[in-house]
Every structure is written in structure tokens, then in C-alpha cells.
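Report on the following structure.
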């Protein structure tokens, strides 16, 4: 199993899901960790939701997410 690296952190589960979909649509496997919490305000305050990718895809994932931010 390849090492996973955190490519982004989010407070909003919907934003994490959008970023995950963007990476997947570009051929990069991505997984969301920390999305489920009994205390949603804890996620918002701490940006506890992490989007992770395989270490080998890390740089590509960063580039895709950065390009997406500039497109807005």
C-alpha cells in the first residue's frame, strides 16, 4: 500500500467532496478523512476534514487544486 499524503484540509464537507471529485475526474484517487463528527462545529473550527492522495500523485493533485482555485 502506498503512503497517503494530505493534499488539502477543509472545514466544510461539501468543499472537500467537490475537491475529491475534481481529483477523481482527473484520474487521481482521493479519499476524505475526518468527515463524520458528532460535533460539526468542531470540524468548522479546526478544519478537521482532510483530503488525501497517494504520495506519487501529491504534486499533480496540488497543481490541479491550485488551478481550480485560480479558475474561480
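Derivation of every value follows stated rules applied to the coordinates shown; laboratory data play no part. Everything quoted here is computed from the prediction, not taken from an experiment. Counting neighbours? That spans all protein chains shown, and the Cβs are built from the backbone with ideal geometry, glycine included.
Figures for the structure shown
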{"quantity": "Two-site label geometry, residue 26 and residue 69: point separation in nm, points 7 Å out along Cα→Cβ", "calculated": "1.2 nm"}
{"quantity": "Residue 60/residue 18 FRET efficiency (R0 25 Å; Cβ-Cβ; nearest 0.05)", "calculated": "0.90"}
{"quantity": "Fewest-first ranking of 69, 12, using other Cβ atoms within 10 Å as the exposure measure", "calculated": "69, 12"}
{"quantity": "Residues 3, 50, 31, sorted so that the one with the fewest Cβ neighbours within 10 Å comes first", "calculated": "3, 31, 50"}
{"quantity": "Neighbour-count order for 10, 33, fewest beta carbons within 10 angstrom listed first", "calculated": "33, 10"}
